[in-house]
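The values are calculated or read from the model by the stated rules, or taken from the named source; none is laboratory data. All figures in this text were calculated on a predicted structure; none of them were measured in a lab. Cβ atoms come from the backbone with ideal geometry, glycine included; neighbour counts cover every protein chain shown. Accessible surface areas use protein heavy atoms only, side chains included; no ligands, DNA or RNA. Shrake-Rupley method; radii C 1.70, N 1.55, O 1.52, S 1.80 Å.
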Amino acid sequence: MTILNSVINNNLYDVRVPLAGSINPSGIGDGHVRIFDTRFIANSTAGLSIAGAANDAVIAGNRFIGPKSLEILSGAKVASYCDNILTGGDNPTSALPQC
């Protein structure tokens, strides 16, 4: 999934990628999320929640404004590059060179 130039406001989770099998009952398939130039505002749990070693996200140029920017669980990976603003929560698992 790709999210580009959006505003996502006032949700429990703004974007959530759960463990395999939670969405796909067969448990087959990986979750890949790419988020660019998007604003996450006033989420009550996490702007991006991602779980499971098969799932990953790439974030760039985003603003996560809320109590928890990232929630990274169970071996998931989040690569951050460019000018993300993260107000709290887990750190990305890797940082790519600046744009």
Pairs, please: C-beta under 8 Å, at least 6 apart or cross-chain, first residue closer than 12 Å to Leu70 by Cβ and assigned to a loop (DSSP other than H, G, I, E, B) and in the stretch 80-99, second of a type outside the set (A, V, I, L, M) and open to solvent by 70 Å² or more (accessible area, probe 1.4 Å)?
-> Thr87/Pro67; Gly88/Pro67; Thr93/Lys77
Confirm whether Asp56 is modelled with pLDDT of 85 or more, acidic (Asp, Glu) and either open to solvent by 50 Å² or more (accessible area, probe 1.4 Å) or under 22 Å from Gly75 (Cα atoms) (or both).
-> yes
Which condition does Val17 not pass, out of (1) open to solvent by less than 30 Å² (accessible area, probe 1.4 Å); (2) modelled with pLDDT of 90 or more; (3) among the β-branched types (Val, Ile, Thr), if it passes all the others?
-> (2)
List pairs: first in the stretch 33-62 and at positive phi, second open to solvent by 30 Å² or more (accessible area, probe 1.4 Å) and assigned to a strand (DSSP E or B), Cβ under 8 Å, 6+ apart or cross-chain?
-> Asp37/Leu4; Ala42/Asn9; Ala42/Ile65; Gly52/Leu73; Gly61/Phe36
